[in-house]
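Following: one structure in structure tokens, then a few remarks.
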Amino acid sequence: MEQVFGTVNDLLRHEGAGGNNAIKQSLGVSAIPCSSRHLRLITYGITPLTPSCGVLEWVNDTMCFGDYVEDKRGVGAHSRYNPGEWGNNDCRKIYGAASEDAAATDQSRRKVYKTICENFSPGKEQIH
């Protein structure tokens, strides 16, 4: 797809060239040419690993999607949309401690689970 985006950028940049007449006819002629509006798609370098898999070039100031959802850096979806609630790691620690307790019963673990549910809202509902 990145190659397609690169080709589209070339077409937008050279809209006035004679080779783009078929495109102009099919899309219609705009009052303001694309090349003068400096339209372009953002592209990234891809290093292919297999025919269906590759590595995207590094993009500064980004984080992995999983880190964002799970609040691994403290600035993810959960802390942003549910400020003041327990974090993912807090819930894991609390439930893990209750599960490892030798004296824990199903009822006590259920109580801990209910307490977690009262203090933690799923972040997946906030992602659109």
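Quick notes on this one:
- Solvent-accessible area of L41 with every protein chain in place, 1.4 Å probe, in Å² to the nearest 10: 70
- When the Cα atoms of region 38-100 are aligned to their principal axes, the ranges along those axes come out at 54, 33, 16 Å in descending order.
- Pairwise inverse Cα distances across region 76-123, averaged and inverted, put the Kirkwood hydrodynamic radius at 11.3 Å.
- Amide H contacts of D71: G76, A77, H78, each under 5 Å away and 5 or more positions distant or on a separate chain (H built 1.01 Å from N in the peptide plane; Pro and chain starts excluded).
- Nearest-0.05 FRET efficiency for Q3 and N88, computed from C-beta distance (R0 41 Å): 0.60
- Under a 5 Å amide H cut-off, with hydrogens placed 1.01 Å from N, L41 pairs with N9 among residues at least 5 apart or on other chains.
- Residue-level accessible surface for K72, protein heavy atoms, 1.4 Å, Å²: 120
- Table column - 3J(HN,Hα) (Hz), region 94-103, Karplus curve with 6.51, -1.76, 1.60, x for Gly and Pro: 5, 5, x, 5, 5, 6, 7, 5, 5, 8
- Within the assembled protein chains, the solvent-accessible surface assigned to R13 is about 140 Å², based on a 1.4 Å probe.
- Spacing of the two label points (7 Å from each Cα toward its C-beta) at A104 and E118, in nm: 1.8
- Sorting Y68, Y81 by accessible area puts them as Y81, Y68; the probe is 1.4 Å, largest comes first, and only protein heavy atoms count.
- Using the 1.4 Å probe convention, the accessible area of region 57-100 works out to 74 Å² per residue with neighbouring protein chains retained.
- Whole-Hz Karplus values for region 60-68 come out as 5, 6, 10, 9, 5, 4, x, 5, 5 Hz, taken residue by residue from phi with 6.51 cos²θ - 1.76 cosθ + 1.60 and θ = phi - 60°; glycine and proline positions read x.
The values are calculated or read from the model by the stated rules, or taken from the named source; none is laboratory data. It should be emphasised that the depicted structure is a prediction, and the values quoted were computed from it without experimental measurement. We place every Cβ from the backbone using ideal geometry, glycine too, and count neighbours over all the protein chains shown. For the accessible areas, the whole protein counts, side chains as well, though only heavy atoms, and no ligand, DNA or RNA atoms are used. Shrake-Rupley method; radii C 1.70, N 1.55, O 1.52, S 1.80 Å.
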